[in-house]
Amino acid sequence: MTMLADSKLLFTGPDWDFDLIKRVHEACGDIAIKEMGLDPYPNQIEVITVEQMLDAYASTGMPLFYRHWSFGKHFARNEALYRKGYQGLAYEIVINSNPCIVYIMEENSATMQTLVLAHAGYGHSHFFKNNYVFKQWTDADGILDYLEFARGFIAKCEDRYGQEEVERMLDAAHALQSHGVHRFPRKRMPDLRSEEKREEERRRHGEQLFNDLWRTVPVSGKRKRSRDEDERRKALLGLPEENLLYFLEKTAPRLKPWQREVLRIVRLINQYFYPQRQTKVMNEGCATFVHHRVMNRLHEKGQIDDGAFLEFLHSHTSVVLQPAFDDRRFGGINPYALGFAMCCDIERVCTNPTEEDREWMGDIAGNGDPYGTLRDIWANYRDESFVSQFLSPRVIREFGLFRVVDDEDEEEMRVAAIHDERGYRKIKRALSHHYDIAYRDPDIQIVDVDLAGDRKLILTHRVLDGVLLEENDTEKVLQQVADLWGYDVKLVEQDDSGAPLAEHTAAPRRPFV
Amino acid sequence: MHIIDRRLNPGGKSFANRQRFLRRARAQVRRAVREASSSRSIKDAGKGGEISIPAGGVHEPNLRRSSQGGVRDYVLPGNKKYIEGDTIPRPDQSGGQGSRASDSGEGEDEFRFALTDEEYLDLYLEDLELPDMAKRQVAGAQSVQWRQAGFSVSGPPARISVPRTLKHSMSRRIALKRPKPEEIEALRQEIERLEREGGQFDELQRLRADLEKRITRTKRIPYIDPVDVRYRRLESTPKPIAKAVMFCLMDVSGSMNEHMKDLAKRFYSLLYLFLNRRYEHVDVVFIRHTHEAQEVDEQTFFYSRETGGTVVSTALFKMMEIVRDRYPVSDWNIYAAQASDGDNTSSDNAVVLAQLRDVILPICQYYAYVEVGMDDEEEHPGAGEPSTNLWRAYRRVPDDHPFAMRKVRHRRDIYPVFRELFARRPEGAAAEGG
């Protein structure tokens with residue numbers, strides 16, 4: 001190192017080694033933890049190559065995953081794009097686990113490694129550890145062990161039942177994975193005394209023995225179906241149920257235990273990723289805000305030189321670039337850009353509010369504690385609520401956000417709101433709506449099973465704004481459901497009043513048995 | 001915090017997944033590979049590269065809302081001129097609103113990715129084999145390699161293994177207790193000493209008897225017995241010839257047009273690829289002919305024009321000349337592929353047949369004749385047998401020769417014909433299908 005003895009610089013030039021990573025990690029920690037009050041998981045930093053990064057991309061960023069052709073497909077695609085230069089690679093991948101695993105690429109320069117450590121090792125890691133959605137849904141301590149188990153289990157199944165059978169099962173499970181999450185915490189049995197627990201177990205055992213699906217004794221006479229009976233049957237099966245994978249895993253009559261376990265594995269892993277889908281803007285906003293602040297402070301404290309700082313700025317600005325809607329590069333709202341802008345804006349509102357801010361965000365305006373406020377927000381919101389609470393008119397103006405309504409019955413699209421007094425609220429509501437997963441994913445539920453007749457499974461899709469399901473895919477997925485269920489399946493698309501708009505049916509062709 | 005260096009971990013973690021993916025999309029990938037290869041030059045035909053397959057085959061369906069219909073609502077950044085109430089014409093469905101455009105590639109019609117050379121060729125040449133040729137290659141090979149394989153009890157004197165023979169001799173001598181020369185010598189000296197000093201008679205007598213006995217025993221047990229002798233045993237292994245030469249013969253007279261040449265080129269590409277898989281080294285010789293034959297480079301072969309009559313035998317003579325000059329049969333596997341529209345000077349047919357049957361086929365691993373035609377040419381009703389000069393001549397090649405002929409009219413026929421010619425077939429079946 002050509003460092004001057006009295007220089008505080010962490011590094012000069014682009015080269016790095018493990019000692020430097022350690023020093024940088026500590027220096028970032030000084031700012032992130034001591035100044036900003038963050039509370040991240042301990043970090044485990046892993047240095048990887050480009051090839052390994054592509055590997056990680058293919059398995060949704062996880063270091064180990066069961067085997068399936070679709071991961072090979074994604075790998076092939078990313079590789080082609082990368083090799084041709086159409087797509088750069090992320091500088092890091094971070095895994096929500098405890099300790100928090102941060103992959104950094106060997107090709108990064110020292111500045112980029114600093115940025116990455118601040119971004120992932122402190123920003124994301126703090127978010128993972130503190131945000132309520134993650135706390136509620138994911139088990140950071142257990143995820144790696146679970147993936148290990150999943151991989152082993154699937155491999156064993158392949159040995160025993162053949163690769164093709166297992167692949168078919170995984171295909172079916174993957175097709176349903178967007179509808180394999182519990183969106184709300186399930187009712188947990190209150191912590192009862194042991195005797196009550198035993199009683200509960202007995203009751204459950206009784207239920208298991210009595211599965212109405214298997215009733216083969218003919219019912220005497222012509223029974224009139226009463227409302228009560230319907231309700232009772234549904235309650236017994238836990239209907240309606242929006243978690244299709246869960247329902248099939250627990251109830252599909254003809255599946256073997258290993259097949260249920262495969263469904264369960266896909267479901268649980270998907271559940272683990274569910275919070276990430278709900279917090280993309282906040283998560284990236286948090287991490288970007290943290291790295292921006294850390295890098296600025298390092299520069300102020302003289303720990304990185306001007307060259308490194310400029311390199312950082314170059315990279316940072318391209319990360320938070322928001323192309324306009326008519327730009328060729330436009331690909332939707334950039335979560336990094338929006339998240340970062342909102343976090344910066346919140347800081348400004350806390351320290352230096354305008355009249356407008358006091359009116360819109362009175363509870364935090366001028367409270368003088370930007371970091372505390374941000375930490376609180378990062379902990380207690382998800383994208384939908386974050387946008388609906390904290391998207392300020394100022395950010396709307398800066399982004400030039402406007403809302404367009406495209407009604408199929410009208411000749412042209414209509415601009416419904418722009419960044420003006422009348423539009424702020426509308427835009428805020430509309431955007432928050434976009435980040436609501438319940439709105440983005442179609443609302444599909446299993447509503448009934450025709451036990452008296454042919455055991456047909458009945459699903460409904462509650463149609464919003466007249467947008468039906470994509471037809472080809474739906475047919476394919478429904479076929480998978482029918483094969484899993486083992487009997488006929490019907491999906492009815494209905495509007496709010498319950499009037500059917502479309503209907504899809506499928507009969508099992510190659511049932512899983 | 002701790003740092004782990006994962007760079008040295010074995011790579012290719014995705015390998016198994018990639019295999020699965022390729023297996024899954026096999027049919028489509030294979031088709032794409034065949035299409036892609038039609039646009040390449042012969043020597044490049046086997047390189048891997050980017051291919052695209054229809055996305056449908058590897059599509060992962062999920063339940064999602066349709067991208068059309070209903071009331072849609074977008075929030076977009078970058079407003080410059082719109083005010084509330086403005087209307088905007090609906091963009092083309094294809095361009096669409098950026099926010100709805102597919103970024104995962106799911107919605108696209110094509111799935112593009114790169115294949116390695118290995119993968120490419122595997123798919124390209126799947127199921128093809130040359131069983132007859134493989135056999136001939138070994139059986140007919142004149143070069144054999146000798147390598148030592150143990151010892152034998154018989155053989156020419158030149159290959160006696162002295163160490164091994166002496167080893168056997170020594171163990172036999174020890175086992176049979178053959179007296180050692182030193183012992184006899186010591187005994188003799190002892191006797192002499194006693195004689196000189198006039199020792200006891202009894203003792204002397206006993207020693208003499210002992211000496212006598214030992215000498216007899218030494219005579220009875222030879223130092224080297226015929227049973228000890230061992231020879232170095234050599235075993236012959238046929239040396240596979242790792243080199244092949246491929247002769248491309250083509251009629252370039254006026255009657256061969258671009259389309260026909262293109263068909264021929266495709267066929268040659270396939271053959272080249274195929275041979276390249278089997279042999280370490282493949283040479284390609286291009287011989288074009290009109291009424292006389294010339295050896296040329298690939299560019300000239302396919303693209304330069306030539307006028308003249310058609311005398312096929314000139315090409316065959318030229319080929320033999322080159323074989324004699326540069327490709328000794330003992331070192332090279334010789335393959336030949338001839339493309340022609342079937343024209344030949346009538347008087348030449350007999351010469352062609354004789355040259356082919358008596359000179360060329362005996363030294364060739366395989367000789368394929370492809371008759372190219374126009375794609376708008378009428379299919380011959382019934383037999384479908386062409387009736388050109390050359391075809392009729394070649395029909396008279398006896399069945400037991402490594403010779404095959406096919407008629408090709410259209411690009412799409414090339415691969416099937418090639419497959420047919422080289423497909424795996426039961427052991428011993430005749431190469432000619434006709």
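Would you mind classifying the range A:140-189 by shape? Square roots of the alpha carbon gyration tensor eigenvalues, ordered a ≥ b ≥ c; an a/c under 1.5 is rounded, otherwise it is prolate if a/b is larger than b/c and oblate if not. Verdict is oblate for the range A:140-189.
Here the Karplus relation 6.51 cos²θ - 1.76 cosθ + 1.60, evaluated at θ = phi - 60°, turns the backbone of the range B:172-185 into coupling constants of 5, 5, 5, 5, 8, 6, 6, x, 7, x, 5, 4, 5, 4 Hz, with x for every Gly and Pro.
Across the range A:321-327, computed HN-Hα scalar couplings (Karplus, 6.51 cos²θ - 1.76 cosθ + 1.60, θ = phi - 60°) run 6, 10, x, 6, 4, 9, 7 Hz from first to last residue, x flagging Gly and Pro.
Computed from the C-beta positions of B:Tyr223 and B:Arg147 and an R0 of 35 Å, the FRET efficiency is 0.60 to the nearest 0.05. For B:Phe286, the residues 5 or more places off, or on other chains, whose built amide H falls under 5 Å of its own are B:Cys248, B:Val296. The label-point distance for A:Asp443 and A:Asp228, in a model that sets each label 7 Å from Cα toward Cβ, rounds to 3.1 nm.
Projecting label points 7 angstrom from Cα along Cα→Cβ for B:His410 and A:Asn367 puts them 7.5 nm apart.
With K and R counted +1 and D and E -1, the other residues having a Cβ less than 14 Å from that of B:Val162 yield a net charge of +4. Which FRET efficiency value, to the nearest 0.05, do you get for A:Arg509 and A:Arg83 by plugging their Cβ-Cβ distance into 1/(1 + (r/R0)^6) with R0 = 45 Å? E between A:Arg509 and A:Arg83, to the nearest 0.05, is 0.70. Across chain A, C-alpha contacts under 8 Å between residues 6 or more apart give a mean separation that, scaled by the residue count, equals a relative contact order of 14 percent. Computed with a 1.4 Å probe on the full set of protein chains, the accessible area for B:His410 sits at about 50 Å². Normalised by the number of residues in the range B:264-345, the mean separation of alpha-carbon contacts (under 8 Å, six or more apart) gives a relative contact order of 26 percent. Helix A:335-351 versus the longest principal axis of chain A: what angle, 0 to 90°, nearest 10, using Cα atoms? It works out to around 60 degrees.
For the residue pairs A:Lys234/A:Lys476; B:Lys318/B:Lys407; A:Lys34/A:Lys129; A:Lys156/A:Lys250; A:Lys8/A:Lys301; A:Lys135/A:Lys280, the alpha carbons lie more than 20 Å apart in A:Lys234/A:Lys476; B:Lys318/B:Lys407; A:Lys156/A:Lys250. As a calculated quantity, the FRET efficiency between B:Thr87 and B:Glu258 at R0 = 60 Å, using C-beta atoms, amounts to about 0.65.
Sequentially through the range B:311-317, phi angles give Karplus couplings (6.51, -1.76, 1.60; θ = phi - 60°) of 10, 5, 4, 4, 5, 5, 5 Hz, Gly and Pro residues having no value and appearing as x. Summarising the amide proton neighbourhood of B:Leu115: residues at separation of 5 or more, or on other chains, whose placed amide H is nearer than 5 Å comprise B:Gly49, B:Glu50, B:Ile51. Farthest towards the positive end of the charge dipole of the range A:420-513, among the residues A:Gln479, A:Leu464, A:Ile427, is the Cα of A:Ile427, using unit charges on the Cβ of Lys, Arg, Asp and Glu.
Taking a sphere under 14 Å around the Cβ of A:Ala416 and counting the other residues whose Cβ falls inside, with K and R at +1 and D and E at -1, yields a net charge of -1.
Chain A against chain B buries an accessible area of about 7400 Å², both chains summed, 1.4 Å probe radius.
Residues B:Leu8, A:Leu245, sorted by accessible area with the largest first, give B:Leu8, A:Leu245 [1.4 Å probe; ligands and nucleic acids excluded]. Taking the Cα atoms only, what angle lies between the long axis of helix A:424-434 and the longest principal axis of chain A, rounded to 10 degrees? It works out to around 60 degrees.
Distance between the 7 Å Cα→Cβ label points at B:Glu183 and B:Arg395: 9.0 nm. Taking chain A as the reference, fit the longest principal axis to its C-alpha atoms, fit the long axis of helix A:280-300 to the helix C-alpha atoms, and give the angle between the two in degrees, 0 to 90, nearest 10. Taking the Cα atoms of chain A, the angle to A:280-300 is about 20 degrees. Close amide H contacts of B:Asp73 (hydrogens built in the peptide plane, cut-off under 5 Å, sequence separation of 5 or more or a different chain): A:Asp406.
The values are calculated or read from the model by the stated rules, or taken from the named source; none is laboratory data. All values derive from a computational prediction rather than experimental measurement. FYI the Cβ positions are ideal-geometry reconstructions off the backbone, even for glycines, and counts take in every protein chain you see. Accessible surface is based on the protein model in full, side chains and every heavy atom, while ligands, DNA and RNA are left aside. Shrake-Rupley method; radii C 1.70, N 1.55, O 1.52, S 1.80 Å.
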